[in-house]
Amino acid sequence: MSTALDRAAGSTGAAELPPPVARRRTFAIISHPDAGKTTLTEKLLLFGGAIQLAGAVKARGDQRRAHSDWMKVERERGISVATSVMTFDYGDCTFNLLDTPGHEDFSEDTYRTLTAVDSAVMVIDAAKGIEAQTRKLFEVCRLRDVPIITFINKMDREAQDSFELLQEIEETLALEVTPASWPIGMGRQFRGCYDLLRDRLILLERSKGERPDEGEACDGLEDPKLDALLPDHAVAQLREEVEMARGLCPSFEFDRYREGTQTPVYFGSAINNFGVRELLDGIAAFAPPPRPQPAAEREVAASDKKVAGFVFKIQANMDPKHRDRIAFVRLASGHFKRGMKLKQVRTGKQLAIHNPVLFLARDRELAEEAWAGDVIGIPNHGVLHLGDTLTEGEELHFRGLPAFAPELLQKVRPIDPLKAKHLGRALEQLAQEGAARVFKPMIGADWIVGVVGGLQFDVLADRIRTEYDVPVIFEATQYYTARWVEADEPAKLKAFIDRNKANLAEDHEGFPVFMARNAWHLQDGQDGAPDVRFLATREPV
Ligand code: GDP
């Protein structure tokens, strides 16, 4: 009898893709801080044979905890060029794991990274259930129907009741859940899991080395093997609970998972390396190979022959003395080779890509070639902007995530007034990188900086000081929110701008933005200009 895994493997939709593309799985882990993302990443890399980096990830986790919050962010930023993408092989697949910054006060960076993945793993702390950030990140995944596999971590600790956890996921996220494995006990009594998709008993052996063994194949839950391997009460409980779970939850449906409406749930303990192999097998079998990416002109299939990709992240280099940046490009199609000339659609320029970087698990190295689904890093001096599309000549504009209106706005000024110009340049670069929104009011000389999480102000102040040598102060403003404004008729927009100069600013690309002082002011502005649209998000140009 074929198992759910075999059936899914036969229908991964990969048949028409070139083999190197079909075996790629580009994904991210979404979680609330402390749920175990770093630990799980380390264990995933262990399976990929990248043991050295696994150590590095661990050290990073430890260092992070030793620092204050924003130092932690800074620290991550400093080393994340190397770890933003981790590529490793396991089984027949090549995995590209994209790191989403793990701090509580996330930025747009995190959102944008999710535009570059084909699926996600949602890690949940078994004692805490769904937490605030898991939920936010989940909503971003949902915007793009990103399929999600759930890993309930820390089963070796006192956990919430498994049924309650499943119900919580289902209710808070409005997402159908189906258990892929079922835990046997929890906390100190946690003995392992029964793999519901492959009918295997997998026992936790705390004293064993890094890799747990294959588990014991069973002929269903009634197999007497279970009675031999587990104490009576544990077997009885397992049988009863699985029967209940099967009665309460729908069975795994590959198509529903792929549409993003159902999530298979694995239970495990990352720190004990337990459940990680099953999770990886699950990603390999179910998670989509590179998905078609939406562009304004058409959908770009991963099987398309010509190279096309988009910049989803820009990272200042590790060395603050050098201004070079790495643009992270997700390839949507084609077979990229080093030295290729690609067209930057925004400017029409041809760029010869001589030194692209691939992020193999151990280290980064020159990318001689890359396929749809891969992420390459392109060092540049600010030529590449967020949202840029690169092609072999075609006029394409990928639809990334729109820019979000910032939720917090502050004024920034240099401590030394003579450095105003330097500050302007720094802000422009940071805005291009996507580290902040920067607004220049049409009247006056201030710079207004907008972010989605308050911690970003500290990080920015630190970066502007260390990377641009301009100590700055952030100050409260009267602004409550910002809205991009546009109109179908340029004359109407111009008339609006002329009438409202005192309330308008330009973003770093020169687009007009209405700066509202409060909700009433925003409403009043909108009511007074029926021909003008006020937008909380702006599509990338
Ligand atoms: P992150 O903030 O999501 O990256 O979480 P970390 O991986 O840094 O883990 C947070 C804390 O939980 C660390 O102290 C880990 O050692 C611990 N931890 C991670 N996984 C497990 C697990 O399976 N069981 C237990 N008991 N602790 C875990």
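We did not get these values from a lab; they are worked out from the coordinates using the rules stated. Small disclaimer: the values here were computed from a predicted structure and weren't measured. When we count neighbours, we look across all protein chains shown, and the Cβ atoms used for this are built from the backbone with ideal geometry, even at glycine.
The aspartates and glutamates whose alpha-carbon is closer than 16 Å to the alpha-carbon of Lys341, local same-chain residues fewer than 8 away aside, are Glu368, Glu369, Asp388, Glu392, Glu394, Glu395. In straight-distance terms, cross-link reach from Lys225 covers every one of the lysines whose alpha-carbon lies under 27 Å from its own, apart from those fewer than eight places away in the same chain; here that gives Lys154, Lys208.
With contacts taken as Cα pairs under 8 Å at a separation of at least 6 residues, the range 108-247 carries a relative contact order of 16 percent.
Seen from Val121, the other residues with C-beta closer than 11 Å to its C-beta sum to a net charge of +2, counting Lys and Arg as +1 and Asp and Glu as -1. On the basis of the beta-carbon distance and an R0 of 60 Å, Arg157 and Lys349 show a calculated FRET efficiency of 0.65. On full extension, the segment bounded by Glu475 and Leu248 gains 76.3 nm, given 0.36 nm per residue less the C-alpha separation. With a Förster radius of 56 Å applied to the beta-carbon distance between Ala228 and Glu394, the computed FRET efficiency rounds to 0.35. Take 262-274, 174-186 and order them by the average number of nearby Cβ atoms within 10 Å per residue, most first; the result is 262-274, 174-186. Our estimate of slack between Ile443 and Ala296, defined as 0.36 nm per intervening residue step minus the Cα-Cα distance, is 49.4 nm.
Whole-Hz Karplus values for the range 185-191 come out as x, 8, x, 5, 8, 5, 10 Hz, taken residue by residue from phi with 6.51 cos²θ - 1.76 cosθ + 1.60 and θ = phi - 60°; glycine and proline positions read x.
Using the Cβ-Cβ distance between Arg533 and Lys494 with R0 = 25 Å, the FRET efficiency computed as 1/(1 + (r/R0)^6) comes to roughly 0.95.
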